[in-house]
1. Can you give the accessible area buried between chains B and C, summed over both chains, with a 1.4 Å probe, in Å² to the nearest 100?
2. Return the distance in nm (one decimal) between the two label points of a simple spin-label model at B:A247 and C:R152, each offset 7 Å from Cα along Cα→Cβ.
3. Ordered by residue, what ³J(HN,Hα) values in Hz, to whole numbers, does region C:156-173 give under the Karplus form 6.51 cos²θ - 1.76 cosθ + 1.60, where θ = phi - 60° and Gly and Pro are x?
4. At 1.4 Å probe size, with the rest of the protein present, what percent of the exposed accessible area of region C:273-350 is carbon and sulfur atoms?
5. Top to bottom by accessible area (1.4 Å), largest first, where do A:V146, A:V67 land?
6. Just how far, in whole angstrom, is region C:471-500 from region A:120-159 if you go by their alpha carbon centroids?
7. Report the relative contact order of chain B, percent, no decimals, based on alpha-carbon pairs under 8 angstrom and at least 6 residues apart.
8. Which lysines have a Cα less than 23 Å from the Cα of A:K157, not counting those fewer than 8 places away in the same chain?
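The values are calculated or read from the model by the stated rules, or taken from the named source; none is laboratory data. Remember, predicted model here, so these are calculated numbers, not experimental data. FYI the Cβ positions are ideal-geometry reconstructions off the backbone, even for glycines, and counts take in every protein chain you see. Remember, those area values only see protein heavy atoms, side chains included, never the ligands or the DNA or RNA. Shrake-Rupley method; radii C 1.70, N 1.55, O 1.52, S 1.80 Å.
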Amino acid sequence: MSAYGIGAAARGGRERPLGWWGAAMLVATEATLLAVMTATYFYLRFKNVAWPPRGVPVPTLVVPLLVLGLLLAATTPVCLGVRAGRARRRAATCGWLIVALVLQAAYLALQLHQYAHDLRRFAPSGSAYGSIYYTLLGAADAHVAVGLLLTLWLLAKLARGITRYRLNALEAISFYWYAVNALTVVVTLTVLSPAL
Amino acid sequence: MLVPAALVLAGCGSSQDVLAPHSRSARGIASLWWDMLIGSALGLGLVALILGAAWVRRNEPGVPGVRDGDRAALGVVLVLGLAVPIVVLSALFLFANIFLIRDTTLPTASAAASDRPALTIRVVGHRFWWEVRYPGTAAVTANEIHIPVRTPVQVLVATQDVIHSFWVPELNRKIDMIPGQVNRVLLYADAPGRYRGQCAEFCGLQHAQMGFYVFADPLPRFRAWLARQAAPAARTSGSALFVSHCASCHTIRGVSARSDVGPDLTHVGSRTTLAALTIPNTHAALVQWLRDPQRVKPGSAMPVLDLTDAEVSRLAGYLESLR
Amino acid sequence: MTPAPPVERLERIWAPRPGVLGWLTTTDHKRIGLLYFWATLVFFGAGGVEALLIRTQLAQPHNHVLGPNAYDQVFTMHGLTMIFWFIIPMTTGAFGNYLIPLMIGARDLAFPRLNALSFWVFAASGVFLYTGLFLGFGPNAGWFDYVPLASRLYDPGRNIEFYTLGLIFNSIASTLTAANFIVSIFKCRAPGMSFNRIPLFCFAFLAASFGLLFALPALSADLVYLFLDRNVGTHFFDPAHGGATLLWQHLFWFFGHPEVYILIVPAFGIATEIIPAFTQRKMIAFPLVAIAELLVVFIGFGVWAHHMFATGIPTVTLVFFAGASAMVVIPSTIQVFAWSTTIFTGLPRFKTPLLFIVGFILFFVAGGLTGIMFIAIPFDQQMTDTYFVVAHFHYIIFGAAVFPIFGGMYYWFPKVTGRMYFERAGQVSFWIIFAGTNLLFFPMHIVGLLGMPRRVYTYPSGLGWTIYNVLETIGGFVTAAGILLLFGNLVVSYFRGPRAEPDPWHGPTLEWSVPSPPPEYNFAVVPTVSSAYPNWDAADRELDRQRLAAGAGVLDEGPEQVVSSFVDGETQEVVRMPHDSPWPILVALCLSAMFAVLAVEKYTVAAFLGGLLVLTLVGWHAKEPEEA
Ligand code: HEA
Ligand code: HEA
Ligand code: CUA
Ligand SMILES: [Cu+2]
């Protein structure tokens, strides 16, 4: 073994764990999916004279942007949680993750509320506008929901102590969150674009 | 060559042969094909030659050890694999896509008046037949398009249902009929005659039997034909049975039957075929069609109507008289 | 020589569970590769039977073997099966899985359980699709499934649900495999295998994996839209309500064109293994070929609209895509001449595998040249949707993508089974398949030029098409006979073939440095690599043997694997691999149940099964590798 110098250089290595790479692949393909859906939005938009179509209100800006702010605000605790994790400070890690979780869950709850509100005014089956509006937002928020499940799972694991495996998971999941946040920004701005 | 031989056998008018062009557009495409074929034969020949040379060396005794790459071979790869293709592809690309597109598309609105199409036809694709209209006249027909010979004709194509593709290979390239959009294609025939066309986009059960003819006639004959088609039905007596059974789908102008689910039958007797070239327009075939369209063309939109033999032959007789 | 003690320990650590259970719970990339192999062969058989049904129906004008309804399902299933359930899983699933870890000197892929999950999901998706067919709801709108033909209005049965769900299902499996390959090739290489020493085979699979990863989402989005349009009443594709018909086509081909390169690139990879082995010569222009393999997929993302030349989109757009299509040709021409000059300047020995590669090159050039012809937009507008296109893609798919698969089956047969195949019969099978394929697909060019559209279940006599169709049908059966001989050879060899040595061909890459068949742990000692042809570096291999004798670098404290740095392939750490797990197949079962109820519109049950899926995933991750 020593012939390879394995062990010495190994743990201090600057390169990312395998799990992070796996998450990167997942993010790459999911980002492409959302990019394709965003492209669909603009393709349909340029095929239509009236966008949104008559009878459908132009989205309002303030509330959705504030709600988005909640999600973005969760970036900081996630980041701090990773730092704490690297320093093997378990309580701090869990604490920061819970803060993030609350913000993210609040975001999702408000989004659901927004859907309910929108659905009373226009349906996905009303026009192509409605179809892509709900599909695009729904796809982005589904990623948030998955992220919530991942964080919950990680918290449950971390509650029983820190291991290398859990730290790798923390790196991977935090990377997932950064990506989802960025994607959600793009998606939100896209669906708000008629009001911009 | 096999292809021309097959052409002679098939005889004119009953082929849809890309290599038997009857217009400038189709000729341009056909001659491009022959040029590309020669080029391709050279390319394939070259590769086959290299491999053949390797085959000749197949028993050459081996030197022990593995050979490394060498510069001469790399040079060959760069020349044949990079330089030559760039030249060849650029030439093909420029020639085909700058000159030939001009020959196969309609002149733009700014073109000289003499180039602009003299006639516009609307063709609407249905599962599985073609509705043909001549704007500015009352003429409506189906599956058999007449155009004046040596005259550029603009065809506006659209669809009533799914995507179809309008294609008369001996006259020009094809164009898709897409819901929500109207496409245009140029039709031009050098010589009088009958040219076969066929739906080229898969559209369901009877995509295979969605053919049509283009008849290129000398101008006077075309004018006469158009005038006849624009007139209402030649006979209205005997139409009662038709009105009661068929008017929910078909139109006969001059009779109280006006529905465009199925082909306009005002002059159905003047057509040479029925059901988009599926059967000839003969008494026997017509009777068979009316008895059981689903046997003749399974999946077509015309249902079996449970007519008695007597009713069928009366209807057939009536339709045949609509010339 | 008795095995060194470390080897015995490795045998114990890596021993699989016995019996069927061992196969159901395996995470061994070689076993999963074999599972893929057998499963895809079954699908190949199905796709082949469908092909022969097509050919039988078209043998004569006005034939009545298949009615229009059956024909539409059969040709659609043929295209789907061959592409999604044969070539992709055969190349990535079977060849890639089995060989990539062996070639990069690893003991398994980066995520072995994910790999098992890919397989079970893939297998279930195939069962799902064929269930549809046997219920009379086979997809029937062609493999590219244009709307509005595929909309509820014109296709009211459940046929298209089996298409949309089946493909989403299938693409989950492909995505997982692709991600796994990329991470493995990036991170699990033997010490010394820097990026420029990765075998060309692995470059090819890297390219295919990237292609899958970035192309499949476009298909998935498209399928989701279609599913929603059909089942929820959205209007993505309905121009009457602001939708767009061509949206489907753009997204489909944005996936579909990269897809065709995903089909061919692994074949390039196989060729670049077989050629050096049978000419005993390193590939000419190695770096160019590696770059070309990646580039062809990359440029392939920019050419999709060349499938839409006749849809009436503006001419400038068309010309742009034609130009891109011309560019995508260049990497292919470079490779063609790199392969053929390597064969010519080496010491070619035309054993069966190399014969198949020669056939592959010829078919690839012939099919590629008709592909080039489509760059001439007016010519494409003339020939699109005719048998000329069918000829193009069967030359390049059957001739160029499948021939290397056949060649590869012969080439790696001794490695996988420990037996030799019968060379004579192998060569005969090549000549029969080669002749049959030409007889089958060459006349399609002519009949296409004579105006025969594709996807017709019948055709009139008198247009001069009959004779060519007869020839094609005969060719189809000749091809089938050749393929049967091929498999017959392999089956008999499996039981009766002479024993194979570890390295019967003096092959260039690491898989030939281990016994045939390879042990569960692949490499007793972690091999060192100093070139892209490590098995030809005798000194390195001698070093391995010395290390093994000294017990150095064996990694025998558990199922261990080296993780290396991304660029230099320097060893970075040692990780523990999961070993045999029931979770992948359980997750796949949940997923299958979910898709099955989706197909019958039971959305609440589907949601419930989704919850179950999450629970199985939690179970999957309950045990951490450190505790294993
Ligand atoms: C394995 C799959 C595969 C591959 C590799 C290719 C390769 C190519 N294809 Fe093909 N193609 C398909 C599978 C494939 N295709 C399928 C399945 C369809 C139909 C889909 C459907 O409609 O159902 C299709 C359809 C298709 C079309 C649309 C036709 C239509 O429907 O109208 C076009 C148009 O441009 C095209 C072009 C090309 C080009 C330019 C290449 C190039 O990459 C080819 C490059 C290779 C070479 C050029 C060979 C090397 C030649 C030499 C070395 C000789 C020297 C050459 C020169 C001097 C230039 N293909
Ligand atoms: C991926 C590749 C692939 C392959 C390999 C093939 C192989 C063949 N194809 Fe394929 N074909 C397509 C992909 C492929 N095809 C696609 C994408 C379409 C378009 C579909 C569409 O329009 O939607 C198409 C369409 C298509 C058509 C046009 C249909 C139409 O437009 O109406 C025809 C017609 O002849 C045809 C014929 C054949 C034949 C005879 C073979 C033969 O080469 C097949 C030979 C194989 C066998 C005979 C199997 C023998 C194997 C065994 C017996 C295995 C033994 C099993 C075990 C040991 C378990 N194909
Ligand atoms: Cu209409 Cu095919
Ligand atoms: Cu393409």
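1. The summed interface area works out to 7100 Å².
2. About 3.5 nm, to one decimal.
3. For region C:156-173, the Karplus curve yields x, x, 8, 3, 6, 4, 5, 5, 4, 5, x, 6, 4, 3, 4, 6, 4, 4 Hz.
4. Details: 1770 of 2100 Å².
C and S fraction of accessible area: 85 percent.
5. Final ranking, largest accessible area leading: A:V146, A:V67.
6. Each part's Cα centre sits 51 Å from the other's.
7. Numbers: 549 pairs, mean separation 49.5, N = 323.
The value is 15 percent.
8. Reachable lysines: C:K623.
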